């Protein structure tokens, strides 16, 4: 069935079954491979995208549940002020090790600082609790989030 979704500011018409996970539409139909498959059960966070600004696990979100919502993927998150700050902080703080989980981590971290310009350690832990990093870069992730939030507070 043909469905139109708005992703990264562009309307896309896709011909998939209504119960097709958004992740497969993003990766296999639209060819945007930045969003990763991890567990397929919304437990690891690798597939995180934003739906109307809210971090959402795309592996369990069906295409028919999207409606008129705006989807943002890792490919476009850097166009937002919070996303640009997080991506810069990720590089400056050398967060990435293997990198597989990082798009999901960045999507969750961006949503956090977009809504909270001065997150506490507990705020960070709560926002990031659904994102697993097998390399264990959690300390660097926390520092990068703090760095990005500070940068946002200082206007850049």
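No lab work stands behind these numbers, since they all come straight from the coordinates. The structure displayed is predicted, hence computed values, not measured ones. Don't worry about glycine lacking a Cβ; one is built from the backbone with ideal geometry, like all the others, and counts go over all protein chains shown.
Some values worked out for this structure:
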read-out	value
Calculated FRET value between residue 129 and residue 150, using beta carbons and R₀ = 22 Å, to 0.05	0.50
Calculated over the stretch 2-76: convex hull of Cα atoms, volume per residue (Å³)	75 Å³
Rounded Å value of the spacing that divides the Cα centres of the stretch 83-108 and the stretch 5-65	19 Å
Residue of 53, 38, 99 that the Gaussian network model of the chain assigns the largest fluctuation, springs spanning Cα pairs under 10 Å	99
Of 136, 45, 34, the one that fluctuates the most in a GNM where the chain has Cα springs shorter than 10 Å	136
The chain: mean projected area of Cα convex hull, nm²	8.4 nm²
Angle between the chain longest axis and helix 102-115 axis [Cα atoms, degrees, rounded to 10]	70 degrees
At R0 = 22 Å, FRET efficiency that the Cβ-Cβ distance of residue 120 and residue 52 yields, to 0.05	0.30
Calculated SAXS-style log₁₀ I(q)/I(0) at q = 0.18 Å⁻¹ - the stretch 35-84, Debye, Cα scatterers	-0.56
Alpha carbon Rg of the stretch 78-153, scaled by the compact-globule rule 2.2 N^0.38 Å	0.94
Inter-probe distance in nm under a simple model that places probes 7 Å from Cα toward Cβ, at residue 79 and residue 39	3.1 nm
Stretch gain in nm, segment residue 19-residue 64, where the contour uses 0.36 nm per residue and the Cα spacing is subtracted	15.6 nm
Paramagnetic label zone (point 7 Å from Cα along Cα-to-C-beta, residue 92; backbone N under 19 Å) in the stretch 40-79	77-79
